[in-house]
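The values are calculated or read from the model by the stated rules, or taken from the named source; none is laboratory data. Nothing here was measured: the structure is a model prediction, and the numbers come from that model. Every residue, glycine as well, gets a Cβ built from its backbone with ideal geometry; the counts of neighbours run over all protein chains shown.
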């Protein structure tokens, strides 16, 4: 395997439908031999602007919804940052600059999935500029979601791989269809777990319908009580501490570093984000890497770069959102340690998020997530 | 006379169709031609790989 190709374009691409359009019609630049002159005014990713860029000309239907889709808009991050820094206004802080330097790298253009590696994974072409109708999971989805969803799905985070990957050989798009990825529904939704996506019941209608199941344990729990993953997921990966610490390498250049130590847990929590797409009373919860001082260095850099420090209490509304959040754990197995028997879960306090799991400096909103009453051991 | 007019009409129609649809291929070729210098350089894979296949070897994988 030659590794990641960065500049090379296959000759057969030039003869393909997209290749026949001609490089400069999408990438601009100039058709001259001098390298510097040729690359002047060149657009590296012509599919990025407005959630479709040049792709809009032929793929109007997809780009008309993708411009508002979660993968392009990053509405989840915007909502979280906006909430915890309230009542400060973004323009009074260095957050817009931090957004451009870091967060915005996560948003996906058409090309980030269908032509190149995502920007956050340093870019580079997937396959000599050949367009991939179905993005290769291990290069695109994994490149952004490798530290949790895709990483645990493929068994690269220490626990078992997901049975759908291991035995079913399913790829991300088998569940997360192009329709869902290109068109976030319902409109205006801000978090991934509230979006319309495939549900376990669609493939397992008999197994997963409490009251009408062949599985006694399914019938024992009323509908809407437990997310499937509560019984069928293995231990999963969390981020323990802050991940937004700024490090300066050269004057004027800022880089994000990741000091978090890995944290493997299995915690059942109260679902405070119940919606038609996430109706369960209890869900697995994962720790989010956010501390009250996670953005503190922005104040310092605001002083350096703008001559005036930013707000002292930038994360003024820290208590508003929990740091234990609904998790879509992707380490699903039919048999797990907690579903071996009733009492493999009932009476096992360590499986539940309790007050004892909360660090002292964590937000008050975490108190809404803890499970107050642990289901008691079932006596015969 | 009538047959001759019909023949001319048919010939003209075919000529029109040929002009209308026959340009699709050359147009596409012209589009690619407009980037001939880019293509010459970027399809030289050996040369391109020498620039930076190894430069982007790491992944970040942070979004969860």
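For the stretch A:143-154, what are the residues that are free of Cβ contacts under 8 Å to residues at least 12 places away in the same chain and either away from every other protein chain (no Cβ under 14 Å) or in a loop (DSSP other than H, G, I, E, B) (or both)?
A:146 - this is the single residue of the stretch A:143-154 that is free of Cβ contacts under 8 Å to residues at least 12 places away in the same chain and either away from every other protein chain (no Cβ under 14 Å) or in a loop (DSSP other than H, G, I, E, B) (or both).
Going residue by residue through the stretch A:123-142, is there one that turns out to be assigned by TED's automatic domain parsing to the domain that holds residue A:23, surrounded by fewer than 16 Cβ atoms within 10 Å (Cβ to Cβ), without any contact (Cβ under 8 Å) to a residue 24 or more places away in the chain and closer than 23 Å to residue A:64 by Cα?
yes
Considering only residues that are part of a loop (DSSP other than H, G, I, E, B) and either within 14 Å of residue A:144 (Cβ to Cβ) or within 18 Å of the chain's Cα centre (by Cα) (or both), which ones fall in the stretch A:69-118?
Of everything in the stretch A:69-118, those that are part of a loop (DSSP other than H, G, I, E, B) and either within 14 Å of residue A:144 (Cβ to Cβ) or within 18 Å of the chain's Cα centre (by Cα) (or both) turn out to be A:69, A:74, A:102, A:107, A:108, A:109, A:117, A:118.
Would you point out the residue of the stretch A:350-373, among those that are part of a helix (DSSP H, G or I) and in contact (Cβ under 8 Å) with a residue 40 or more places away in the chain, that is farthest from residue A:284 (Cα to Cα)?
Going through the qualifying residues, I end up with A:364.
For residue A:30, which of the numbered conditions (1) farther than 27 Å from residue A:104 by Cβ; (2) not in a loop (DSSP other than H, G, I, E, B) fails to hold?
With respect to (1) farther than 27 Å from residue A:104 by Cβ; (2) not in a loop (DSSP other than H, G, I, E, B), residue A:30 is out only on (2).
Of these, A:225, A:195, which one is surrounded by fewer than 18 Cβ atoms within 10 Å (Cβ to Cβ) and closer than 20 Å to residue A:324 by Cα? Break it down stepwise before answering.
Details: A:195 fails: surrounded by fewer than 18 Cβ atoms within 10 Å (Cβ to Cβ).
Checking each option against the conditions leaves just A:225.
May I ask you to list the residues in the stretch A:159-210 that are part of a helix (DSSP H, G or I) and touching a strand residue (DSSP E or B) at 6+ places or on another chain (Cβ under 7 Å)? Don't jump to the end; show me each part of the working.
From the stretch A:159-210, those part of a helix (DSSP H, G or I) are A:163-166, A:172-175, A:178-182, A:192-194, A:200-203; that's our starting set.
Of everything in the stretch A:159-210, those that are part of a helix (DSSP H, G or I) and touching a strand residue (DSSP E or B) at 6+ places or on another chain (Cβ under 7 Å) turn out to be A:163, A:164, A:193, A:194.
Please find, among A:29, A:52, the residue that is within 11 Å of chain B (Cβ to nearest Cβ), over 14 Å from residue A:127 (Cα atoms), crowded, with 18+ Cβ neighbours inside 10 Å and in contact (Cβ under 8 Å) with a residue 12 or more places away in the chain.
A:29
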